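These notes are about the structure you will find just below.
The values are calculated or read from the model by the stated rules, or taken from the named source; none is laboratory data. Because the structure is a prediction, the values reported are computed rather than measured. Backbone-built Cβ (ideal geometry, glycine too); neighbour counts: all protein chains shown. Keep in mind that these areas ignore ligands, DNA and RNA; they rest on the heavy atoms of the full protein, side chains included. Shrake-Rupley method; radii C 1.70, N 1.55, O 1.52, S 1.80 Å.
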Amino acid sequence: MDRRQILKYTAMLTGTAICAPLTGIMLSGCNDKAKVTSASLAPSVFFSAADFELLTQIMDVILPKTDTPSASEVKVNFILDGIFANVYKADYQQKFTTLFKELSVLLKSKNFSTLTKSERESLLLSVEARPESERDNAYWSYIDIKQQTVAFYLSTEEIAENHLNYLPIPGEYKPCVSVEDLGGKAWAI
């Protein structure tokens, strides 16, 4: 095994691979000439513009704005787009694309983009609640998107620092602590 492979596997195992797509954006912020704006975070690195918009709408149904920001407000849609383009292998990209096409066809046939917030939620819940015998590619695509949305959402700086218990430098380990002692919040990952 060569050095590149070892570094790649080490990065994937330690979770640094998740940060790779955003590293360029963060480092460009150190340059006075490069200003990071929403426009400079253009989608279509992996997804088409229409698929990216649909993905964003799905994510915002999964994690809508409440007393915490929505998934798209903390740029989970851009993170997932970058992860697919730069981290996931071609076979997984192809598998996801096949699954996502079926979910996309289903949602477009139900006019997902024009539905109200509660109608979108009901439609996605009906996809998620399918019995095991009816679980098709649309179901598995939605489950995959949901799992990744939640994982990347909880890993964002905004959520970890402002909405979860966060210790940048871990202190003493206390295995048995009540939720009340923590202010009712889960720990940031």
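Any chance region 116-133 includes a residue that's over 23 Å from THR56 (Cα atoms), outside any helix (DSSP H, G or I), without any contact (Cβ under 8 Å) to a residue 24 or more places away in the chain and hydroxyl-bearing (Ser, Thr, Tyr)?
Here is the first cut: in region 116-133, the residues over 23 Å from THR56 (Cα atoms) are 131-133.
Checking the rest, the ones that are also outside any helix (DSSP H, G or I) come to 131.
Within this subset, residues satisfying the condition of being without any contact (Cβ under 8 Å) to a residue 24 or more places away in the chain are 131.
Next cut, hydroxyl-bearing (Ser, Thr, Tyr) only: none.
Within region 116-133 (the criterion being over 23 Å from THR56 (Cα atoms), outside any helix (DSSP H, G or I), without any contact (Cβ under 8 Å) to a residue 24 or more places away in the chain and hydroxyl-bearing (Ser, Thr, Tyr)), the answer is no, since none of the residues qualifies.
Give region 134-150 a look and list any residue that's touching a residue at least 24 places away in the same chain (Cβ under 8 Å) and among the aliphatic types (A, V, I, L, M), or say none.
Passing the criteria: ALA138, ILE145, VAL150.
I'd like to verify a number: residues in region 99-110 that are open to solvent by 70 Å² or more (accessible area, probe 1.4 Å) and in a helix (DSSP H, G or I), how many?
Restricting attention to region 99-110, the residues satisfying the condition of being open to solvent by 70 Å² or more (accessible area, probe 1.4 Å) are 101-102, 105, 108-110.
Checking which are in a helix (DSSP H, G or I) leaves us with 101-102, 105, 108-109.
Matching residues across region 99-110 total 5.
Which members of region 76-97 meet the condition of being polar (S, T, N, Q) and open to solvent by less than 70 Å² (accessible area, probe 1.4 Å)? Before the answer, list the steps.
Step one: of region 76-97, the residues polar (S, T, N, Q) are 77, 86, 93-94, 97.
Of everything in region 76-97, those that are polar (S, T, N, Q) and open to solvent by less than 70 Å² (accessible area, probe 1.4 Å) turn out to be ASN77, GLN93, THR97.
From the list TYR153, TYR142, pick out the single residue that is out of contact with any Lys or Arg (no Cβ under 7 Å at 6 or more places or on another chain), aromatic (Phe, Trp, Tyr) and at pLDDT below 95. Give the derivation first.
Values: TYR142 fails: at pLDDT below 95.
Result of the check over TYR153, TYR142: TYR153.
Of the residues that make up region 111-131, is at least one under 13 Å from the mean Cα position of the chain (by Cα), open to solvent by 50 Å² or more (accessible area, probe 1.4 Å) and of a type in the set (Ser, Thr, Tyr)? Explain how you work it out, then say what you get.
Initial filter on region 111-131 (under 13 Å from the mean Cα position of the chain (by Cα)): none.
No; the residues of region 111-131 include none that is under 13 Å from the mean Cα position of the chain (by Cα), open to solvent by 50 Å² or more (accessible area, probe 1.4 Å) and of a type in the set (Ser, Thr, Tyr).
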